[in-house]
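*Asks:* Structure provided below as structure tokens; questions to follow.
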């Protein structure tokens, strides 16, 4: 099964619906399977949150969600979002009709939301595990045990994340501990971590997506991939999947054609 590639547009659309649509179109051209946004209300952030004004500016209205989902569908890519409140989770499931939900690291211990999602007819959850322990992940999984397909995403919640904190080998630990498909949600600079994660068996890659790394509005642009970088990442991932093969040790078809010659070309 091919690795699922998620282009995390998040708040990088700057609250501009036209720009958001352009970024969806660019993500399609760059090879993404899914475009992901974030669903919150600025008013839900604490009054003293230093980014409350920013989140209020870039929040997506209900109408914007419908418009972007429809635009995504017309362009042949799946629309996904992360809810940051129970109210937004209900909107995504009951009104927008999403069957897949992404849980952000900061929301993974929101038990009310998890229990709600577990009672719906959604079929897939992508669960980011930044800042968490194995015990916490185990407890979270008990609250979403009705969901047919769960992907654990290794993640380091830093913007940007330092290379020494990426700890990609944790992907192997999560695979061993939970026997679930494991992916990687990236906050490092560049695409090397994402490409490396695939060599460790990551079944999902989520990478932030931007139109300009140097954009001064918002905090995510510096760690995001431009369309050209994202396309390069996807191409590298596809090649790695071919290189990894199926793991069965046997002669390849091309080896079968030469095995007799190679083994008998030198006299005893």
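The values are calculated or read from the model by the stated rules, or taken from the named source; none is laboratory data. Computed from a predicted model, the values in this text were never measured in an experiment. Glycine also receives a Cβ, built like all others from the backbone with ideal geometry; neighbour counts cover every protein chain displayed.
*Asks:* I want to confirm something. Restricting to the range 10-24 and keeping residues that are in a loop (DSSP other than H, G, I, E, B) and in contact (Cβ under 8 Å) with a residue 60 or more places away in the chain, which single residue is surrounded by the most Cβ atoms within 10 Å (Cβ to Cβ)? Before the answer, list the steps.
*Replies:* The initial filter retains those residues of the range 10-24 that are in a loop (DSSP other than H, G, I, E, B), namely 11-16.
Filter again for in contact (Cβ under 8 Å) with a residue 60 or more places away in the chain, leaving 11-12, 14.
Working: 11: 23, 12: 25, 14: 15.
Per the criteria, the residue is 12.
*Asks:* So residue 162 clears everything in (1) under 17 Å from residue 130 (Cα atoms); (2) surrounded by 14 or more Cβ atoms within 10 Å (Cβ to Cβ) except one condition, right? Which one?
*Replies:* (2)
*Asks:* Checking the conditions here, which among 130, 97, 106 is touching a strand residue (DSSP E or B) at 6+ places or on another chain (Cβ under 9 Å), over 18 Å from residue 55 (Cβ atoms) and surrounded by fewer than 18 Cβ atoms within 10 Å (Cβ to Cβ)?
*Replies:* On the way: 97 fails: touching a strand residue (DSSP E or B) at 6+ places or on another chain (Cβ under 9 Å); 106 fails: over 18 Å from residue 55 (Cβ atoms).
Of 130, 97, 106, the one residue that is touching a strand residue (DSSP E or B) at 6+ places or on another chain (Cβ under 9 Å), over 18 Å from residue 55 (Cβ atoms) and surrounded by fewer than 18 Cβ atoms within 10 Å (Cβ to Cβ) is 130.
*Asks:* May I ask you to list pairs of residues, at least six apart or on different chains, whose Cβ atoms are under 9 Å apart, with the first in the range 243-255 being touching a residue at least 24 places away in the same chain (Cβ under 8 Å) and the second being part of a loop (DSSP other than H, G, I, E, B) and surrounded by 10 or more Cβ atoms within 10 Å (Cβ to Cβ)?
*Replies:* Short answer, once both residue conditions are applied: 244/201.
*Asks:* Something else now. Among the listed residues 2, 72, identify the single one that is surrounded by 15 or more Cβ atoms within 10 Å (Cβ to Cβ) and either within 18 Å of the chain's Cα centre (by Cα) or part of a strand (DSSP E or B) (or both).
*Replies:* Values: 2 fails: surrounded by 15 or more Cβ atoms within 10 Å (Cβ to Cβ).
Only one candidate passes the filter, namely 72.
*Asks:* Within the bounds of the range 110-124, is there any residue that is under 30 Å from residue 228 (Cβ atoms), in contact with a helix residue (DSSP H, G or I) (Cβ under 7 Å, 6 or more places away or on another chain) and modelled with pLDDT of 95 or more?
*Replies:* In the first step, residues of the range 110-124 are kept if they are under 30 Å from residue 228 (Cβ atoms); the result is 124.
Checking the rest, the ones that are also in contact with a helix residue (DSSP H, G or I) (Cβ under 7 Å, 6 or more places away or on another chain) come to none.
No, the range 110-124 contains no residue that is under 30 Å from residue 228 (Cβ atoms), in contact with a helix residue (DSSP H, G or I) (Cβ under 7 Å, 6 or more places away or on another chain) and modelled with pLDDT of 95 or more.
*Asks:* Which residues, taken from the range 167-189, are in a loop (DSSP other than H, G, I, E, B), touching a strand residue (DSSP E or B) at 6+ places or on another chain (Cβ under 8 Å) and touching a residue at least 24 places away in the same chain (Cβ under 8 Å)?
*Replies:* Step one: list which residues in the range 167-189 are in a loop (DSSP other than H, G, I, E, B), which gives 167-169, 179-181, 187-189.
Pick out the ones that are also touching a strand residue (DSSP E or B) at 6+ places or on another chain (Cβ under 8 Å) and you get 167-168, 180-181, 187.
Those that are in a loop (DSSP other than H, G, I, E, B), touching a strand residue (DSSP E or B) at 6+ places or on another chain (Cβ under 8 Å) and touching a residue at least 24 places away in the same chain (Cβ under 8 Å): 168, 180, 181, 187.
*Asks:* Suppose the filter is at negative phi, part of a helix (DSSP H, G or I) and free of Cβ contacts under 8 Å to residues at least 12 places away in the same chain; does residue 87 pass it?
*Replies:* Spelling it out, it is not the case that residue 87 is at negative phi, part of a helix (DSSP H, G or I) and free of Cβ contacts under 8 Å to residues at least 12 places away in the same chain.
*Asks:* Here's another thing I want to ask about it. Test residue 157 against the stated conditions and say whether it is surrounded by 16 or more Cβ atoms within 10 Å (Cβ to Cβ) and either without any contact (Cβ under 8 Å) to a residue 24 or more places away in the chain or more than 20 Å from residue 125 (Cα to Cα) (or both). Lay out the reasoning, then the answer.
*Replies:* Details: surrounded by 16 or more Cβ atoms within 10 Å (Cβ to Cβ): yes; either without any contact (Cβ under 8 Å) to a residue 24 or more places away in the chain or more than 20 Å from residue 125 (Cα to Cα) (or both): no.
Here the answer is no, as residue 157 does not meet what is asked.
*Asks:* Right, something else. Using the structure shown, decide if residue 232 is free of Cβ contacts under 8 Å to residues at least 24 places away in the same chain and either part of a loop (DSSP other than H, G, I, E, B) or surrounded by 10 or more Cβ atoms within 10 Å (Cβ to Cβ) (or both). Break it down into steps so the answer makes sense when it comes.
*Replies:* Numbers: free of Cβ contacts under 8 Å to residues at least 24 places away in the same chain: no; either part of a loop (DSSP other than H, G, I, E, B) or surrounded by 10 or more Cβ atoms within 10 Å (Cβ to Cβ) (or both): yes.
No; evaluated as a whole, the condition is false for this residue.
Residue by residue, here is whether (1) over 23 Å from residue 153 (Cα atoms); (2) in contact with a helix residue (DSSP H, G or I) (Cβ under 6 Å, 6 or more places away or on another chain) holds:
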| residue | (1), (2) |
| --- | --- |
| 2 | no, no |
| 17 | yes, yes |
| 31 | no, yes |
| 36 | no, no |
| 45 | yes, yes |
| 49 | yes, no |
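*Asks:* With in contact (Cβ under 8 Å) with a residue 12 or more places away in the chain, within 22 Å of residue 9 (Cβ to Cβ) and surrounded by fewer than 15 Cβ atoms within 10 Å (Cβ to Cβ) as the only criterion, which of 215, 194 stands out? Step through it out loud before you land on a result.
*Replies:* Values: 194 fails: surrounded by fewer than 15 Cβ atoms within 10 Å (Cβ to Cβ).
Going through 215, 194 in turn, the sole match is 215.
*Asks:* Return the only residue of 7, 27 being touching a residue at least 40 places away in the same chain (Cβ under 8 Å), crowded, with 20+ Cβ neighbours inside 10 Å, part of a helix (DSSP H, G or I) and within 21 Å of the chain's Cα centre (by Cα). It would help to see each step written out before you state the result.
*Replies:* Values: 7 fails: part of a helix (DSSP H, G or I).
Unique residue meeting the criteria: 27.
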